[in-house]
Amino acid sequence: MSDTVAYDRHGDIAVLSIQNPPVNALSQAVRAGLVARVAQAEAEEGVRAVLITGAGRAFIAGADITEFGKPPMEPSLPDAIDRIEASPLLVVASMHGVSLGGGLEVALGCHYRIAVPSARIGLPEVFLGLIPGAGGTQRLPRLAGAMAAIDMATSGRQVGAEEAAQMGVIDVVQDGDAKEKGIAYVEKLLSDGAPRRPVSEMPAADAIDWDATYEAVLARARGQIAPAEAVRAIQASVEKPFGEGMLAERQIFWDLLKGDQSKGMIHAFFSERAVSNLPELKGVTPRNLDHIGVIGGGTMGAGIATAALLSGVHVTLLEMTGDAGEAARGRITGNLAGALKRGKISAEQHETILSKALQVSTDYASLSDADLVIEAVFEDMSVKKQVFTKLDEVCKAGAILASNTSYLDVTEIAACTKRPQDVIGLHFFSPAHVMKLLEVVVPDETAIDVVATGFALGKKLNKISVRAGVCDGFIGNRILSTYRQAADQMVMQGASPYAIDTALEAFGFAMGPFAVADLAGLDIGWAVRKRKRAEAGIEGVSTYADKMCEAGNFGQKTGKGYYDYAAGAKARVPNADVMPLIEVDRAAEGTPQRSFTDADIVRYYMAAMVNESAKVVGEGIARRPLDVDMTLLFGYGFPRYRGGPLKWADLVGLDDLLADIRSYGDTMPDFWAPAPLLETLVAEGKTFATLNT
Ligand code: 3HC
Ligand code: NAI
């Protein structure tokens with residue numbers, strides 16, 4: 001008999017304990033084990049009730065996601081749950097840790113539910129591009145009502161035990177050991193003569209305005225379809241008999257499982273865990289991270305300091321002058337006030353951080369005891385080198401010296417110190433206390449435990465850390481500058497910035513590239529262009545983008561950029577001055593004009609992104625395709641339900657994409673030179689996924 005579901009007797013109660021570490025996912029063995037153990041309990045003399053519990057840290061975290069996409073294996077989860085619910089014995093679930101997705105559905109298949117106060121329930125299937133597929137949309141509304149079920153199934157949010165009890169999902173909340181409390185609860189139910197209480201036999205929930213709810217959920221989901229489909233499944237629970245509702249739910253579940261959105265999101269689920277899991281770091285002990293120094297308290301330095309402080313690390317922030325130091329303190333205080341307001345820290349933690357954990361200084365000596373120092377000073381090689389030379393003098397032996405540079409060569413920065421083995425790039429994204437991505441940029445000479453410490457810092461700060469090699473812009477900014485150029489090419493060829501933004505937002509990007517440029521400030525790119533032209537000795541050039549800046553239009557912060565913000569940031573009214581300036585450049589360049597459909601825009605932009613991503617992987621700047629995917633997802637607003645650019649490429653087909661890249665190269669062969677890796681994969685009939693192992 002299965003080891004994954006242990007069986008023991010407590011008087012007239014059969015206790016079934018699921019043992020499938022780490023989180024008791026409902027693998028085929030667990031499903032079969034549950035069915036077999038329920039049958040065993042029914043067959044044994046004297047058993048009157050079954051208690052289902054989870055061994056270890058959770059009741060059940062849900063269906064086994066690794067089985068998705070494989071041929072179905074009996075028993076299915078809905079069948080297993082129906083079997084549990086149909087038992088003539090009294091069946092009770094005792095929940096601790098998480099009961100998610102299929103885990104909650106197992107509990108809903110039981111006749112009663114008890115939980116410890118720290119237990120959490122949820123239907124997170126939407127995060128995998130799915131809806132609950134084992135009765136969650138049919139049983140939950142019968143207990144909690146349609147609106148509560150819609151809230152849980154469309155948001156995927158976790159609900160605490162007390163709230164779940166108020167919703168009618170959990171019958172009793174009791175502190176203590178889940179198994180012991182469960183047994184005592186079943187004993188009481190038996191002595192009270194409590195009846196079996198199958199949820200499937202309860203009356204359906206009241207109807208709501210389904211179409212309005214469906215439309216509202218669809219609009220909120222920004223292109224993701226699963227949440228709105230969950231509304232339709234819950235509608236079926238109200239409008240159809242239980243058995244038919246189950247079939248409706250199952251059909252929607254299977255349709256979604258076959259679709260690209262769930263493939264993208266399941267890829268994201270596993271990749272966000274795999275990305276920081278590097279074989280060479282196994283068993284490597286990271287260095288200490290108790291005291292962190294941050295140099296420069298501007299946008300990034302203040303954000304990095306905030307992230308570290310919120311994670312309980314002691315921070316010394318170094319600025320150039322007392323005034324600049326106070327300005328930095330002000331930024332951090334503002335960030336922390338936001339964290340307090342959002343309930344991320346308590347008032348007491350807020351007070352301790354400001355009074356004890358943060359030190360602001362103008363004296364390098366205050367960094368002598370720091371375990372790791374991150375510089376976030378101006379993006380200028382000579383300033384960076386001055387800072388690193390100074391750090392090399394004052395920092396203790398073994399201290400890690402890190403740079404938050406966006407583009408500069410970290411190997412060159414390291415070379416100005418006597419300890420290049422201790423130097424690394426730690427590239428945060430703005431705002432650094434909010435954005436999840438951290439690129440750990442590793443020059444050749446960096447010691448392995450320094451790399452491990454970079455990843456340990458990412459974990460401590462609750463970031464998704466991606467290893468990147470040294471090149472101009474590392475993984476993310478290098479790919480960004482390529483697809484940005486593709487957008488600019490389309491503008492010259494006849495697409496308006498507004499059509500491009502609209503098409504890419506419909507594709508799922510949080511914001512189109514021109515709206516992003518307005519948000520970030522057009523002056524940044526202007527300064528870079530001017531610097532590069534000066535370095536190349538080019539004079540007298542002024543493109544339409546330069547002219548916008550020359551007129552003082554830097555985007556949102558000046559009220560005008562590509563868009564006119566007089567009516568507010570959300571109104572997104574095109575700035576009427578922009579198209580005439582573009583027309584002048586188009587005429588001057590003599591670029592052949594063509595029309596772009598939304599699909600053409602997406603294809604052109606994505607082809608550039610995929611091609612550069614393939615180069616980044618091919619050159620070893622990113623280890624695996626999934627590293628690029630996670631960089632774009634967590635740092636650049638790429639839609640999660642598409643999995644990342646290389647997952648998207650696999651799904652649309654690499655051979656067609658390569659053919660398009662070659663055709664775009666007719667006019668710009670250098671820019672569109674196909675990535676050798678992409679050519680190899682196409683020649684061998686392989687996908688990027690084959691490189692993700
Ligand atoms: N199936 C398979 N593996 C799972 C899993 C699942 N449902 N949930 C977690 N795991 C794996 C993770 O991949 C990870 O593996 P690794 O160590 O090899 O990387 C390991 O378990 C531990 O997971 P975490 O690192 O995420 O541990 P945390 O403690 O941070 O989080 C958790 C635990 C909250 C359970 C989190 O893992 C989670 O949210 N899991 C997904 C839950 C989920 O989506 N459930 C619904 C599944 S779909 C479903 O049930 C369909 C049904 O309606 C038919
Ligand atoms: P910023 O201009 O807002 O801040 C720089 C700060 O460094 C200023 O407060 C300045 O007083 C201070 N500073 C300059 N030289 C110093 C020195 N020698 N010693 C001590 N302090 C000094 O710049 P920002 O945007 O914070 O960028 C900092 C670094 O982070 C740059 O390398 C940038 O490329 C990088 N970066 C910026 C991102 C962004 O979105 N702004 C994103 C990721 C990285």
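So, R0 is 60 Å and r is the distance between the beta-carbons of A520 and Q40; what FRET efficiency does that work out to, to 0.05?
Working: r = 63 Å, r/R0 = 1.05.
My answer for the efficiency is 0.45.
What residues of segment 390-430 lie in the reach of a label at D369, counting those whose backbone N is under 20 Å from a point 7 Å from the Cα along Cα→Cβ?
Answer for segment 390-430: 391-401.
Take the chain, mark every one of the GluC sites (Glu not before Pro) that falls in a DSSP loop and has at most 10 other Cβ within 10 Å, then report the longest stretch left between them, sites excluded. Spell out each step's value before the answer.
On the way: sites that count: E45, E539.
Within the chain, the longest run free of exposed GluC sites (Glu not before Pro) spans 46-538.
With every protein chain left in place and a probe of 1.4 Å, what is the accessible surface of T137, to the nearest 10 Å²?
0 Å²
Can you give me the Cα centroid spacing of segment 608-664 and segment 489-529 in angstrom?
19 Å
In nm, to one decimal, how far is the modelled label at M492 from the one at K459, with both set 7 Å along Cα→Cβ?
Taking the simple label geometry, M492 and K459 are separated by 4.7 nm.
Over segment 278-336, with a single point scatterer placed on each C-alpha, what log10 of the ratio I(q)/I(0) does the Debye formula yield at q = 0.13, 0.29 1/Å?
The Debye formula, applied to the Cα set alone, gives -0.40, -1.15.
When the expected Rg is taken as 2.2 N^0.38 Å, what fraction or multiple of it is the alpha-carbon Rg of segment 287-472?
On the way: Rg = 15.1 Å, N = 186, 2.2 N^0.38 = 16.0 Å.
Rounded to two decimals, the normalised Rg is 0.94.
Could you give the length gained on full extension between V434 and T389, defined as 0.36 nm per residue of separation minus the Cα-Cα distance, in nm?
Taking 0.36 nm per residue and subtracting the Cα distance, the gain is 13.1 nm.
What nm distance separates the two modelled labels at D472 and E163, each placed 7 Å from Cα along Cα→Cβ?
Each label point lies 7 Å from its Cα, and together they span 4.9 nm.
Students sometimes get this wrong: rank K263, K188, K570 by accessible area, probe 1.4 Å, all chains present, largest first. Write out the running numbers ahead of the final one.
Values: K263 80, K188 115, K570 195 Å².
Output order, biggest surface exposure first: K570, K188, K263.
Taking only C-alpha pairs under 8 Å that are 6+ residues apart, what is the relative contact order of segment 510-590 in percent? Spell out each step's value before the answer.
Numbers: 71 pairs, mean separation 22.5, N = 81.
28 percent.
What nm value, rounded to one decimal, do you get for the distance between A659 and T362 when each label is placed 7 Å out toward the C-beta?
6.6 nm
Per the Cauchy relation, a quarter of the hull surface: what is the mean projected area of the convex hull of the alpha carbons in segment 629-685, in nm²?
Averaging across all directions leaves 4.5 nm² for the Cα convex hull.
Compute the distribution of all C-alpha to C-alpha distances in segment 577-651, in bins of 10 Å from 0, and list the percent of pairs in each, rounded to whole numbers.
Bins of 10 Å from zero give 17, 37, 22, 23, 2 percent of pairs.
Normalised by the number of residues in the chain, what is the relative contact order in percent for Cα pairs under 8 Å and 6+ residues apart? Could you put the intermediate results ahead of the total?
Details: 1285 pairs, mean separation 61.8, N = 693.
This gives 9 percent for the chain.
Between the helical axis of 522-536 and the dominant principal axis of the chain, each derived from Cα atoms, what acute angle in degrees is found, rounded to the nearest 10?
Roughly 40 degrees between the two axes.
So, with a 1.4 angstrom probe, what is the percent of accessible area on the chain that is carbon and sulfur? Intermediate results must be reported in sequence, preceding the final value.
Working: 15400 of 28230 Å².
With neighbouring chains kept in place, the figure for the chain is 55 percent.
How many angstrom lie between the Cα centre of segment 442-474 and the Cα centre of segment 23-87?
41 Å
In whole percent, what relative contact order does segment 426-503 give with Cα contacts below 8 Å and a gap of six or more residues? Let's see the in-between values first.
On the way: 66 pairs, mean separation 18.7, N = 78.
Once normalised by length, the contact order is 24 percent.
Calculate how large, on average over all directions, the projected area of the Cα convex hull of segment 349-391 is; give the answer in nm² to one decimal. Write down the numbers at each step before the final one.
Working: hull surface 15.8 nm².
Across all orientations, segment 349-391 yields a mean hull projection of 4.0 nm².
Strictly over 26 Å apart at the Cα level, which of K181/K460; K341/K460; K396/K436; K385/K530; K356/K460 would you flag in this model?
Numbers: K181/K460 35 Å; K341/K460 22 Å; K396/K436 30 Å; K385/K530 23 Å; K356/K460 19 Å.
Beyond 26 Å between Cα atoms: K181/K460; K396/K436.
Leaving ligands, DNA and RNA out of it, rank D209, D151, D585 by accessible area with a 1.4 Å probe, largest first.
Numbers: D209 100, D151 55, D585 20 Å².
Sorted descending by solvent-accessible area, the residues read D209, D151, D585.
Segment 5-258: D in µm²/s via Stokes-Einstein (Kirkwood Rh, Cα pairs, 4 °C, 1.567 mPa s)?
Diffusion coefficient, whole number: 72 µm²/s.
Mind pulling the per residue volume of the convex hull built on the Cα atoms of segment 445-555? Å³ is fine.
Working: hull volume 16.5 nm³, N = 111.
Per-residue hull volume (Cα only) is 149 Å³.
Report D for the chain in µm² per second (integer): Stokes-Einstein, Kirkwood Rh on Cα pairs, 37 °C, 0.692 mPa s. Could you put the intermediate results ahead of the total?
Values: Rh = 28.2 Å.
Diffusion coefficient, whole number: 117 µm²/s.
Just the accessible area per residue of the chain, please: how many Å² with a 1.4 Å probe?
41 Å²
The values are calculated or read from the model by the stated rules, or taken from the named source; none is laboratory data. Since this is a predicted model, take the numbers as computed values, not measurements. Glycine gets a Cβ as well: all are built from the backbone with ideal geometry, and neighbour counts include every protein chain shown. All accessible areas refer to the heavy atoms of the entire protein, side chains included, with ligands and DNA or RNA removed. Shrake-Rupley method; radii C 1.70, N 1.55, O 1.52, S 1.80 Å.
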